[in-house]
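All remarks here apply to the structure that follows.
The values are calculated or read from the model by the stated rules, or taken from the named source; none is laboratory data. Since the structure is predicted, the reported quantities are computational estimates derived from the model, not experimental observations. Cβ coordinates were reconstructed from backbone atoms using ideal geometry, including for glycine residues, and neighbour counts include every protein chain displayed. Calculation scope for accessible area: heavy atoms of the full protein, side chains included, ligands and nucleic acids excluded. Shrake-Rupley method; radii C 1.70, N 1.55, O 1.52, S 1.80 Å.
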Amino acid sequence: VLTSSADVKELTPEFFTPPADFLVNVRDLPLGCRTRDGAELGDVVLPTWANSSPTAFLRMHRAALESEHVSLRIHEWIDLVFGYKQNGLEAERADNVFHPLTYEDALRHLDAETDPVRRASLEAQMN
């Protein structure tokens, strides 16, 4: 169970199908430095189980996605993301709640806000 509503982990389709180019900075673009230690950013740092291979990393993600374990449970994920556990009591029971401004109806709250300072604050959070 995640304890921070800012901690969301969803993988895009690129994480499951080759090529693995998006994990490697082949053009040596200047991506900046980490604030923690000033280390220059480059290729994605892969977990040790990938053996430093972006291709192996994708292959293992694909194998996990197509596994029996996932096949038996994918309907649960569908309920969380697209179904009845998206919001409300069932979402709370499933620990599937996020900051209120991340939901679709947040714009209605913005439109109803008459205090200019509070409205500016909401807009800043949404942008």
(Q) Can you find, within the range 102-115, the residue that is farthest from H75 (Cα to Cα) among those that are part of a helix (DSSP H, G or I) and open to solvent by 100 Å² or more (accessible area, probe 1.4 Å)? (A) D111
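To keep it simple, each residue is scored yes or no on (1) modelled with pLDDT of 95 or more; (2) over 20 Å from T12 (Cα atoms); (3) open to solvent by 50 Å² or more (accessible area, probe 1.4 Å).
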residue: D28; (1), (2), (3): no, yes, yes
residue: R36; (1), (2), (3): no, yes, yes
residue: V45; (1), (2), (3): no, no, yes
residue: A56; (1), (2), (3): yes, no, no
residue: H61; (1), (2), (3): no, no, no
residue: L65; (1), (2), (3): no, no, yes
residue: I78; (1), (2), (3): no, no, yes
residue: G88; (1), (2), (3): no, yes, no
residue: N96; (1), (2), (3): no, no, no
Q: Would you be able to say whether some residue in the range 7-23 is closer than 27 Å to M126 by Cβ, outside any loop (DSSP other than H, G, I, E, B), modelled with pLDDT under 90 and of a type in the set (V, I, T)?
A: no
(Q) Return the residues of the range 52-101 that are in contact (Cβ under 8 Å) with a residue 24 or more places away in the chain and either within 19 Å of the chain's Cα centre (by Cα) or assigned to a loop (DSSP other than H, G, I, E, B) (or both); say none if nothing qualifies. (A) F57, L58, H61, R62, L65, D95, V97, F98, H99, L101
